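Input: a single structure, listed below in structure tokens.
The values are calculated or read from the model by the stated rules, or taken from the named source; none is laboratory data. Everything numeric here is computed off the predicted structure, so don't read it as measured data. So basically every Cβ, Gly included, is an ideal-geometry build from the backbone, and we count neighbours across all protein chains shown. For accessibility, only protein heavy atoms count, side chains too; no ligands or nucleic acids. Shrake-Rupley method; radii C 1.70, N 1.55, O 1.52, S 1.80 Å.
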Amino acid sequence: MKEPLRPADICAHLGDDYDRYLGAIVPPLFQNSLFTRKRESHGYSYTRINNPTIEILEKKLAALEHAPAARVFASGMAAITATLSSLLHSGDHVLALRSAYYPVSAFLNTEMKKYGVEVTYLEHFTLEEIEKNLQPNTKVFYLESPSSNIFRVLPLRDIAKRAHACGAAAVIDNTWSTPLYQKPLDLGFDYSIHSATKYLGGHSDILGGVVLGGAEQLESLRNNQRSCWGACMDPFSAWLLIRSLRTLEVRMARHSASAARVAQFLEQHPRVRKVYYPGLKSDEGHAQAETQMTGYSGLMSFVPDEDNEAIFKMVKSLDVFEEGPSWGGFESVVNTPGLNSNLEMLQFEGIPQGLVRISVGLEDADTLIEDLDQALSAMSG
Ligand SMILES: Cc1ncc(COP(=O)(O)O)c(C=O)c1O
């Protein structure tokens, strides 16, 4: 195929190496821990270090996001914590986004603090806010865009430039966009991380994480954090992820088209106060998103115009949307971050009371809209 390969072609064929594997159209699963060396020198020894199935996956992921290299991990959190601990040393300081996935703040506040790392949380990550909070020992800017729950969009090119001007690494969790809709390394970021548990896996049957970045940095991440902690992906999950990537582009096109319809439906609904979805023209992050993203995935949130009790009732009335904390799978899911009784935590993350998050799955968009419509009608009835 002609270079550069298009995303769907990368997903379908890159790295599959048919000649090496007897023409198998689906590359075999190397479900083994040990590679013996007596007969041949092939470069493999132990799956915690490397494995041919895992390498095929890493090759596809790096190419998809225009990254020199990719390393996969046991989960998104394993990928995030490995990256942060590779970059931070005792006495260092991090600037982190408040509305990023909450367990990352928990990691910074507990584990990293134990090793003498300081953290300051920024609400909007504007250049003014960065300037006010920078310290001579700031070594990492950590953020998401769009962020968790409220999908705040940040000016990524400016943030990466500012990080480099003070010698800090720019790190982003790019899970929401997938490598198809946002390529942070092209925007100046040093590391882009995904929970592969979400859209990359897409079938709610695996846990995984990915870090994309420079070849030298990722070689060190593999040999040190991933290998020492044993946070590697198991080969079967890697094989399932290769399967999932074959349909990534068509799945995302469907998630995106259905999400646009659902968001418009919610925006026009008289019982909905506000919708958070950067794909909507009315969203406050839309103009910025258009300068750095090429598409919008299927995760959004909204605040019904009712009290918490009625909102709880609405969520329980949903028939097609299952209730649960994950997202990015084939199935539609609802979650209620805004009904959390820990008000301090809601305030810290900028989550409005009553916020309902939905992951728009691959069901028919009409079915999803009908389900939301009947549940919103049931809200105060
Ligand atoms: C934005 C984001 N990043 C990272 C993670 C963590 O991923 P994992 O569950 O694969 O560890 C999640 C999980 O929900 C998430 O929503």
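Take every pair of alpha-carbon atoms less than 8 Å apart whose residues are at least six positions apart; their mean separation over the length of the chain yields a relative contact order of 17 percent. Protein-only accessible surface at a 1.4 angstrom probe places the residues K114, K313 in the order K114, K313, largest first. In the assembled protein chains, W229 presents an accessible area of approximately 150 Å² (probe radius 1.4 Å). The antiparallel fraction among DSSP beta bridges confined to the chain stands at about 55%. Spatially close Lys pairs in the stretch 7-245, defined by Cα atoms under 23 Å apart and a spacing of eight or more places or different chains, total 12.
Computed over protein heavy atoms with a 1.4 Å probe, the carbon and sulfur contribution to the accessible area of the chain reaches 52%. Taking the C-alpha atoms only, the angle from helix 156-165 to the longest principal axis of the chain is near 50 degrees. Using just its DSSP H runs of length 4 or more, each adding -39500 (n - 2.57), the chain gives a mean residue ellipticity at 222 nm of -10500 deg cm²/dmol after division by all residues.
Once the Cα atoms of helix 76-87 and of the chain are each reduced to a long axis, what angle between those two axes, in degrees from 0 to 90 to the nearest 10, is obtained? The angle comes out near 70 degrees. Each part gets one Cα centre, and for the stretch 142-197 versus the stretch 1-80 those centres are 25 Å apart. If you take the alpha carbon atoms of the chain and fit the smallest convex hull around them, that volume is 143 Å³ per residue. Less than 13 Å from a label point 7 Å out along the Cα-to-Cβ axis of E111: which backbone N atoms in the stretch 217-254 qualify, by residue? Once the point is set 7 Å along Cα→Cβ of E111, 225-232 turn out to lie under 13 Å by backbone N, inside the stretch 217-254. For E349, the accessible area of its heavy atoms, probed at 1.4 Å with every protein chain present, is near 10 square angstrom.
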